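S.K.: Sending over a structure as C-alpha cells; questions will come in a sec.
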Amino acid sequence: MTQLTAREWVESMPDYFRPQRARGVKAVIQFKLFGEDGGEWYLTVKDGKSTVTEGESSSANATIMMSASDYVALATGK
C-alpha cells in the first residue's frame, strides 16, 4: 500500500467532512506545507459543505504551517 502525499491528504478532506458537525460554521483554513510534496491549499467550510482549493486565501481564519512530511505523519496518526 502506498502512502498518500500531503497533497492527496489535503485534497481528500471533503471526503471525510461531516456536515452535521459543521452546522452554522463558516471558516477558511489555510494550509502552508513546505518541503518535498509541499504546497498551499485552503479548506472552505460554508453552508454545510467543504471544498479545498489550491493556492492562498485572502480571508483565512486560521493558518496551519508545517512540513509536508509532518502533516502526513499527523494525518496518519503517527
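S.K.: Assuming Gln3 fulfils every condition listed in (1) assigned to a loop (DSSP other than H, G, I, E, B); (2) surrounded by fewer than 12 Cβ atoms within 10 Å (Cβ to Cβ); (3) without any contact (Cβ under 8 Å) to a residue 40 or more places away in the chain apart from one, which condition is it?
M.R.: Against the list (1) assigned to a loop (DSSP other than H, G, I, E, B); (2) surrounded by fewer than 12 Cβ atoms within 10 Å (Cβ to Cβ); (3) without any contact (Cβ under 8 Å) to a residue 40 or more places away in the chain, Gln3 comes up short only on (3).
S.K.: Considering the range 39-78 alone, what residues qualify as being in contact with a helix residue (DSSP H, G or I) (Cβ under 7 Å, 6 or more places away or on another chain) and open to solvent by less than 60 Å² (accessible area, probe 1.4 Å)?
M.R.: Scanning the range 39-78 gives Gly39, Trp41, Leu43, Gly48, Ser50, Val52, Ala68, Tyr71, Val72, Ala75.
S.K.: Which residues, taken from the range 32-78, are outside any strand (DSSP E or B), under 21 Å from Arg21 (Cβ atoms) and among the charged types (D, E, K, R)?
M.R.: Within the range 32-78, just Asp47 meets the criteria.
S.K.: Quick one: which of Leu4, Leu33 is modelled with pLDDT of 95 or more and not hydroxyl-bearing (Ser, Thr, Tyr)?
M.R.: It is Leu33.
The values are calculated or read from the model by the stated rules, or taken from the named source; none is laboratory data. Not measured: the values here are computed from a predicted model. With ideal geometry, Cβ positions are generated from the backbone for all residues, glycine too; neighbour counts draw on all protein chains shown. For the accessible areas, the whole protein counts, side chains as well, though only heavy atoms, and no ligand, DNA or RNA atoms are used. Shrake-Rupley method; radii C 1.70, N 1.55, O 1.52, S 1.80 Å.
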